[in-house]
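K.L.:
The structure follows.
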Amino acid sequence: MSVYQHCINPNCSKTFGVDEILHRCPSCGELLDVQYDWNKIAAPKNLRHFETYWSQRFQPHRFSGVWRFHELLPFLPLEKCITIGEGQTLLRQTHRVALYAGLDSGGLFLQYEGLNPSGSFKDNGMSAAFSHGAFVGATRAACASTGNTSASLAVYSACTNLMKSIIFIGSGKIAYGKLSQALDYGAKTIQIQGDFDDAMARVQEVSKQLGIYLVNSLNPFRLEGQKTIMFRVLEALRWEVPDWIVVPGGNLGNSSSFGKAFIELHQLGLITKVPRLAVINAAGANTLYRLYEQEKLRWNGGHYDKTLVQQFFDTMTAEGRKASTMASAIEINRPVNLSKCLRALDFMNGVVREVSEQEMADAKAQVGAGGLGCEPASAASVAGTRKLVAEGIIGKSERVVCILTGHQLKDPNVTVAYHGTDKQFFTDVLGTRGVKTAEFANQPVSAANNIEEIIRTLQS
Ligand SMILES: *Cc1c(COP(=O)(O)O)cnc(C)c1O
Ligand SMILES: [Zn+2]
């Protein structure tokens, strides 16, 4: 077998075919990877090889920002890979945000994943998981979601008609921009009377019973698609590796896939330098930060301290601690990809930080003022960069890439609350979350319906 699923537990290391539908290792319960035998698959000799595809953009697979890198995620033949035009993203150098973060003016690059068809990075992974699901013959796909995964699944379903989509959400836990997408795209939407963890538990049971294909974060094929975010970052930097990749951490799929991308690029001799990784938690959902920075949990060649992790979650259950942050996309206390993220942090000499609601809100306003804009969770990357520069961990003159994971319009309530003059709205939406001030607010001005008065406001 030149492509297979592989258990990441070094004491187990069992392998399974790519035609099997598994969510964890059936033998030990650990996460599964998609692995390639590069002795049997011809990998490109250098990264500039991918530039030869630029002139073939009329072919959907060469146009796709995911599948033009198919040779680095060849788990299916190219003709079986599904594309709706994902991955047409931008790496944007932003002077204003660089200065805000404390970097030299050319040092900060924002990788804007909000430009994907459903407005978040999730489409990179969904194109891969959706392809796998259709390949194994599934007719229905499901996920539990804080919003963006469901929007992404729904759009693939609507565009291709290959699998019907079913989404499970916790009640009141989804930003309207995201919910509206799932409804518009025609996904069967089930609102569970519970939170994300409840929705996650139910979707797994129902899918198992009814044989529905699951596209949640455990799905190892999703992470294959997400590797291409890093390939596009390198492409935009003309294959020069930056010093840092900074990403918000929720279920830790992105950080895990970035680590896998660099492990493989390094193994294939396509890069010599590996960037450092910074994963940024919201302080209200800071499991990774506590385990990695406070408890010093480490990958340890795959032999990480599972007892420590179990005790941590048991204590969390006993204390009834729930994740709480306005950044709903990272409002997760039990990240499913924890072990793979530890591997990524190990390989990329990583650090983890937590940022407050205030820090995220201010960073989000700065990102918006610099153009493009993002949803609250995405701003954690910029807030985290600022913190790491202040600590001297990131050098002032280093080159930093922050991943803007989701589009600005996903969650307009937070944005309007921050900028608005309606103090009550500010208090209701942000105050309860611990945002006390709006230093960078761009307040709308009210004026009477009268030309002189409007002119007066423009002159003041
Ligand atoms: C899903 C999501 C995240 C969290 O990513 P993980 O891979 O789960 O860590 C962050 N930001 C946005 C906008 C998301 O949709
Ligand atoms: Zn195993």
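K.L.:
Averaging the inverse of every distinct alpha carbon separation and then flipping it gives the Kirkwood radius. What is it for the range 1-42, in angstrom units?
P.N.:
10.5 Å
K.L.:
OK, next. How much of residue 319 can a 1.4 Å solvent probe reach, expressed as accessible area in Å² and rounded to 10?
P.N.:
Accessible area of residue 319: about 120 Å².
K.L.:
Something else now. Using only Cα atoms, find the angle between the long axis of helix 253-267 and the longest principal axis of the chain, and express it within 0 to 90 degrees, rounded to the nearest 10.
P.N.:
The two axes meet at around 50 degrees.
K.L.:
Which ³J(HN,Hα) values in Hz, rounded to whole numbers, follow from the phi angles of the range 197-209 under the Karplus curve 6.51 cos²θ - 1.76 cosθ + 1.60, where θ = phi - 60° and Gly and Pro get x?
P.N.:
4, 5, 4, 4, 5, 5, 5, 5, 5, 5, 5, 4, 5
K.L.:
Can you list the trypsin sites (Lys or Arg not before Pro) in the range 347-437 that are in a DSSP coil and have 15 or fewer other beta carbons within 10 angstrom? If you can, show how the numbers build up before the last one.
P.N.:
On the way: sites: 353, 364, 386, 387, 396, 399, 410, 423, 433, 436; in loops: 396, 399, 436.
Answer in residue order: 396, 436.
K.L.:
Then there's this: Please give the helix 220-236 orientation as an angle from the longest Cα principal axis of the chain, in degrees from 0 to 90, rounded to the nearest 10.
P.N.:
60 degrees
K.L.:
How big, in percent, is the set of alpha carbon pairs in the range 86-206 lying more than 20 Å apart?
P.N.:
Tail of P(r) above 20 Å: 49 percent of Cα pairs.
K.L.:
Efficiency by 1/(1 + (r/R0)^6): what FRET value for residue 306 and residue 422, r their Cβ-Cβ distance, R0 = 41 Å, to the nearest 0.05?
P.N.:
Computed FRET efficiency for residue 306 and residue 422 comes out at 0.25.
K.L.:
Could you please state, rounded to a whole Å, how far the C-alpha centre of the range 287-353 is from the C-alpha centre of the range 414-460?
P.N.:
One Cα centre to the other: 38 Å.
K.L.:
Using a probe of 1.4 angstrom, how much of the accessible area of the chain is carbon and sulfur, in percent?
P.N.:
Answer for the chain: carbon and sulfur cover 50 percent of the accessible area.
K.L.:
Compute the acute angle (0 to 90°) between the alpha-carbon long axis of helix 376-390 and the principal axis of greatest extent of the alpha-carbon atoms of the chain; round to the nearest 10°.
P.N.:
The angle comes out at about 80 degrees.
K.L.:
For a quick check of understanding: with a 1.4 angstrom probe and all protein chains in place, what accessible area in square angstrom does residue 69 have, to the nearest ten?
P.N.:
The accessible area comes out at roughly 0 Å².
K.L.:
Between their Cα atoms, which of 260/387; 122/164; 364/410; 14/260; 227/340; 80/188 are more than 20 Å away from each other?
P.N.:
From the list (260/387; 122/164; 364/410; 14/260; 227/340; 80/188), the Cα-Cα distance tops 20 Å for 260/387; 80/188.
K.L.:
Determine the distance separating the Cα centre of the range 105-183 from the Cα centre of the range 35-50; give it in Å without decimals.
P.N.:
28 Å
K.L.:
Of the beta bridges DSSP finds with both residues in the chain, what % are antiparallel, to the nearest 5?
P.N.:
30 percent
K.L.:
Unpartnered cysteines of the chain (Cβ-Cβ under 4.7 Å counts as a partner)?
P.N.:
81, 143, 159, 341, 374, 402 - these cysteines have no disulfide-compatible partner (Cβ-Cβ under 4.7 Å) in the chain.
K.L.:
Between the DSSP loop rule and a limit of at most 10 other Cβ atoms within 10 Å, which GluC sites (Glu not before Pro) in the range 1-62 are left?
P.N.:
On the way: sites: 20, 30, 51; in loops: 20, 30.
Qualifying residues, ordered by number: none.
K.L.:
Another question about this same structure. Counting only Cα, what are the radius of gyration and maximum Cα-Cα distance Dmax of the range 174-271, in Å?
P.N.:
Rg and Dmax of the range 174-271, Cα atoms, are 17.5, 50 Å.
K.L.:
Mind listing the phi-derived Karplus ³J(HN,Hα) values for the range 292-300, rounded to whole Hz, using 6.51, -1.76 and 1.60 with θ = phi - 60°, and x for any glycine or proline?
P.N.:
Computed from phi, the couplings for the range 292-300 are 7, 8, 9, 8, 6, 5, 10, 4, 6 Hz.
K.L.:
Cα gyration tensor of the chain, axes a ≥ b ≥ c as square roots of the eigenvalues: rounded (a/c below 1.5), prolate (a/b > b/c) or oblate?
P.N.:
Here the chain falls in the rounded category.
K.L.:
May I pose another question? List the relative contact order of the range 1-42 as a percent without decimals, with contacts defined as Cα pairs under 8 Å and 6+ residues apart. All intermediate terms of the calculation are to be shown ahead of the outcome.
P.N.:
On the way: 62 pairs, mean separation 19.9, N = 42.
Once divided by the residue count of the range 1-42, the mean separation gives 47 percent.
K.L.:
Here is a follow-up. Starting at the first residue of the range 438-447, write each ³J(HN,Hα) from the Karplus equation 6.51 cos²θ - 1.76 cosθ + 1.60 with θ = phi - 60°, in whole Hz, x for Gly and Pro.
P.N.:
So the Karplus estimates, Gly and Pro as x, are 10, 4, 10, 5, 10, 6, x, 9, 9, 9 Hz.
K.L.:
In Å², and per residue, what accessible area does the chain have when probed at 1.4 Å with the other protein chains present?
P.N.:
40 Å²
K.L.:
Return the long-range amide H neighbours of residue 246 (sequence gap of 5 or more, or a different chain), with a cut-off of under 5 Å between placed amide H atoms.
P.N.:
When sequence neighbours closer than 5 places are left aside, the close amide H contacts are 278, 401, 402, 403.
K.L.:
At 1.4 Å probe size, with no ligands or nucleic acids counted, give the accessible surface of residue 19 in Å², nearest ten.
P.N.:
Number for this one is 110 Å².
The values are calculated or read from the model by the stated rules, or taken from the named source; none is laboratory data. Model, not experiment: these values are computed from the prediction. Virtual Cβ from ideal backbone geometry, glycine too; neighbours counted across all protein chains shown. Remember, those area values only see protein heavy atoms, side chains included, never the ligands or the DNA or RNA. Shrake-Rupley method; radii C 1.70, N 1.55, O 1.52, S 1.80 Å.
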